[in-house]
1. Considering only region 133-248, give the helices (runs of 4 or more DSSP H) lying wholly within it that have at least 2 residues that are under 21 Å from L33 (Cα atoms) and among the aliphatic types (A, V, I, L, M).
2. Out of all the residues in region 90-132, which are at positive phi and without any contact (Cβ under 8 Å) to a residue 24 or more places away in the chain?
3. If you take the residues of region 249-265 that are assigned to a helix (DSSP H, G or I) and of a type in the set (D, E), which of them is surrounded by the fewest Cβ atoms within 10 Å (Cβ to Cβ)?
4. Restricting the search to region 280-311, which residues are free of Cβ contacts under 8 Å to residues at least 24 places away in the same chain, part of a loop (DSSP other than H, G, I, E, B), open to solvent by 40 Å² or more (accessible area, probe 1.4 Å) and at negative phi?
5. Test R282 against the criterion of being closer than 25 Å to R110 by Cα and out of contact with any Ser or Thr (no Cβ under 8 Å at 6 or more places or on another chain), and give yes or no.
6. Residues that are open to solvent by less than 10 Å² (accessible area, probe 1.4 Å) and under 24 Å from Q284 (Cβ atoms): list the strands (runs of 3 or more DSSP E) wholly contained in region 20-112 that include at least 3 such residues.
7. Applying the selection to region 191-235, what residues are among the charged types (D, E, K, R) and either in contact with a strand residue (DSSP E or B) (Cβ under 7 Å, 6 or more places away or on another chain) or surrounded by 19 or more Cβ atoms within 10 Å (Cβ to Cβ) (or both)?
Amino acid sequence: MLTTLVGCTSLDDRSKTAGHNLPERDRIKVAALNTVDFIPLRLAQERGYFKAEGLEVDVVDVDNDRASTSELVNGDVDVALSSYLQLFAARNNDSADIKIIAGNSFASARSNVVATAPDSRVKSINDLAGKRIAIAEPGTASHLLTISTMMDRRVAVDKVKWVPTPSTDVAAALASGDVDAAYLTEPYLIQASKRVGAISVADISTGSTQNFPLTGFGTLGKFARSNPRAIAAFQRALAKAVRDTANRSTIERLLVKYSKLDKDTASLAILPEFESMLDARRQQRVPDLLLRTGVIAARFDAAPMLVPQVG
């Protein structure tokens, strides 16, 4: 009897928290990038927005968007915060039944750049042809967005040496001259700027990738179909957190806590725009870029991958 009463009390607490329309499960595991894109997710955690919806969210930190998507496809997590490019590519090339359940970030001016050290031979985007460029891994957003930006300026990409480099090692690679340039986003951009005086030679948010959708939350179709209330709860909590990102001081506090930046450095970080709502026209830019860069062979419609969002 005691066990039954304790169980009922727990359920009653969840009912009071999230109303009687409870999520199908009370705990989900989310793979998350170690870039500033984690901010809405961490904010929703810290401010209890997930808990208020009857959800506990366990975050699994990963090194890059390919690793995050792999965690999802392999069934190691329920949801992945990853680049749209990786999520859409996995849907097409790996035949994974991936659904996008919420937006997260899109490029703003100078938030994602190709940068060099002051003494590099690269002085402008036109100098990138045939050079060594640090990226996370081939096929990741860092790789494909750099290719697209170079193509916009008609800079040859066929002889570039792409150098897979962990984000934490990029500043050192620039300083040592192991690479001529590097794709950088925050917090690694500001770290490289302070450590080696890294300067931008190409802003990714220009041309065909201006305001490009960068990251979002994906899940597998089976999970989405089996857990519609959990998905809706996740969407509502994330939307509240995204609204809170309008407060710059809130973001800087999270950068200090999770990215280990000091307060002064955090205040200089250049951030993407955050948006949890999905727009089929904007999302269509992702498979279109995959087609342009040769990752996929034929155009496909993004809309069927998008899970309807709650208000």
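1. Helices (runs of 4 or more DSSP H) meeting the threshold: 141-152, 170-176, 188-196, 228-244.
2. Result: S95, single match.
3. Per the stated criteria, the residue is D264.
4. A297, A298, R299, D301, P308, G311
5. It is true that R282 is closer than 25 Å to R110 by Cα and out of contact with any Ser or Thr (no Cβ under 8 Å at 6 or more places or on another chain).
6. Answer list for region 20-112: 79-83, 98-106.
7. Selection gives D203 alone.
The values are calculated or read from the model by the stated rules, or taken from the named source; none is laboratory data. This one's a predicted model, so the numbers in the text were calculated from it and none came from an experiment. Glycine gets a Cβ as well: all are built from the backbone with ideal geometry, and neighbour counts include every protein chain shown. Accessible surface areas use protein heavy atoms only, side chains included; no ligands, DNA or RNA. Shrake-Rupley method; radii C 1.70, N 1.55, O 1.52, S 1.80 Å.
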